[in-house]
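Please treat every number below as a calculation from the coordinates, not as lab data. Keep in mind it's a predicted model, so treat the numbers as computed, not measured. Note that we place each Cβ from the backbone using ideal geometry, even for glycine, and neighbour counts take in every protein chain shown.
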Amino acid sequence: MAKPNKKGPKRTVLISCLQCKTLLFKYRKGGKGALLKCFLERIVEDHTTTPCHCPGCKQEFARETLIRGTPAYKIIGGKIHMK
C-alpha cells in the first residue's frame, strides 16, 4: 500500500475537544470528508500533553495505531470538533 504524502495538503483545520472546547491540534487535512484518522507527520501544532487525551477534561479522543506503516491517531467518533 502507498504511504501518505509527507508534504500533505495545504489546507489546515483546527481540531478541538467537543466536550470542553480545548484546542487539541492544528492539522493539514486532505479532502472534504469527516476526520477519521490523523497522521502524526501532518500535525502542525500539538497542544496535547499526553497522546490521545484532552489536556482540559482528560477524555480520550483517539487511539494510537499504524495505518499503512505510518504512525497515526484513529479518532473516536463524536469526541472532537473540526473547524
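When Lys and Arg each count +1 and Asp and Glu each count -1, what net charge do the other residues less than 14 Å away from Leu66, Cβ to Cβ, add up to?
In short, +3.
Taking a ≥ b ≥ c as the square roots of the Cα gyration tensor eigenvalues, with a/c under 1.5 meaning rounded and otherwise prolate when a/b beats b/c, else oblate, which class fits the chain? Prolate, because a/c is 1.5 or more and a/b exceeds b/c.
Which pairs, out of Lys32/Lys83; Lys26/Lys74; Lys26/Lys79; Lys3/Lys29; Lys32/Lys58, put more than 19 Å between their alpha-carbon atoms?
Lys32/Lys58
With the simple spin-label model, which puts each label point 7 Å out from Cα in the Cβ direction, the Thr49 to Met82 separation comes to 2.8 nm.
With pairing defined as another cysteine C-beta under 4.7 Å, the cysteines of the chain that fail it are Cys38, Cys52.
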